[in-house]
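Pasting in a structure now, in structure tokens, and then I'll have a few things to ask.
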Amino acid sequence: MTIFDGPMMAVVDGSTSSLTTLPHAALSAATLNLPLRIIHLFDEEKNPAFRGTATAVRRLEEAVAGLTSHEAVEVETVHPKRLLTYLLQRVSTETGIVALPHERRSWLSTLRFSNRHEQILQRTPLAVLLLGPDQAVRRLAHLLFPVDLSTRSNALFAETVALCAAHQATLHLLHLFGPDRPIRNAEEAARRAAASSPREMVAMDEQRLTAMAEQAEASGVVVARYTAEGRAHNGILQYAASQPIDLIVMASHGARNREDVLRGSTTIRVMQRSPVPVLALRSRPAE
């Protein structure tokens, strides 16, 4: 079962910003051929602005009634503090994608309390689709997969290739040579440690990129392959802004050093600043 076999779970909390994002989540679900489920976060005791449950339900019903991409939409009400528990219970029987709007927080607030998309990535095996203002997956003609050359990303890469094949989309492979080091297993680390020079390590990376491109092409996918130097998050954002990218698919490895803890991992930085929707999935060691 892959992440594209389950529903698109759009999380809304009754706020204007989250309800405004709902049509974008519905359109994204339609583009990806996924059923739409709405998770309504509501705590009656702490939402006096809604003047009780009736008002909150009315606001949500009005938003759902305005959706045109889906005929039937399942709605479930969940207490905000039980969202992760609810998602983990769902994971036991199905996969899926959690669609979330951007959360606007100060740097200090984010440092003290991680954003909802970070919590879901860190604590569940579900994919997260972060939708900025007026962002939606309206088509799938060009997908960007940033390549970190870690075997932990292999499963998500295979799913991305299958998605491109199903939609006849061009797959953009982008690798940044720079200071951001991917998580490597013992075999990978030993092979690189045995390299006699930096040039040999670059050649190893190029061979891996070639193998990934050939894997995608064997599935009938057109591949555009690019390499550059610099910080990974900057390079990814610049590439997405300069190319007709419809969706960025990234494997999230979590925080790996002090900078990641303070400023966010590469995936989190891209998600928060990307000009296009970003779909992220927490990576796991290859079995």
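The values are calculated or read from the model by the stated rules, or taken from the named source; none is laboratory data. Worth saying up front: this structure is predicted, and the values here are computed from it rather than measured. Cβ atoms come from the backbone with ideal geometry, glycine included; neighbour counts cover every protein chain shown.
I'd like the full set of residues that are closer than 22 Å to Gly230 by Cβ and not small (Gly, Ala, Ser), limited to region 133-151.
Answer for region 133-151, where residues must be closer than 22 Å to Gly230 by Cβ and not small (Gly, Ala, Ser): His142, Leu143, Leu144, Phe145, Pro146, Val147, Asp148, Leu149.
On to the next question. What residue, of Arg269, Arg199, is assigned to a helix (DSSP H, G or I), modelled with pLDDT under 95 and over 29 Å from His117 (Cα atoms)?
Arg199
Moving on to the next point. Please list, ordered by first then second residue, the pairs with beta carbon atoms under 8 Å, 6 or more apart or interchain, first in region 156-169 and under 13 Å from Glu217 (Cβ atoms), second of a type in the set (Ser, Thr, Tyr).
Qualifying pairs under 8 Å: Val161/Ser219; Cys164/Thr170; Cys164/Ser219; Ala165/Ser219.
Determine whether region 210-227 contains at least one residue that is on the phi > 0 side of the Ramachandran plot and either in a helix (DSSP H, G or I) or in the same structural domain as Cys164 (by TED's automatic domain parsing) (or both).
Yes - at least one qualifying residue is present in region 210-227.
Given the criterion polar (S, T, N, Q), at pLDDT below 90 and buried (at least 19 other Cβ atoms within 10 Å of the Cβ), identify the matching residue among Ser28, Ser18.
Ser18
All but one of (1) more than 29 Å from Val161 (Cα to Cα); (2) at pLDDT 85 or above hold for Ala56; which doesn't?
(2)
List the number of the failed condition for Asp148; all other conditions in (1) modelled with pLDDT of 90 or more; (2) crowded, with 19+ Cβ neighbours inside 10 Å hold.
It fails just one condition, (1).
Could you list all residues from region 80-95 that are of a type outside the set (D, E, K, R), within 19 Å of the chain's Cα centre (by Cα) and either in a helix (DSSP H, G or I) or outside the structural domain of His40 (by TED's automatic domain parsing) (or both)?
Passing the criteria: Leu83, Leu84, Leu87, Leu88, Val91.
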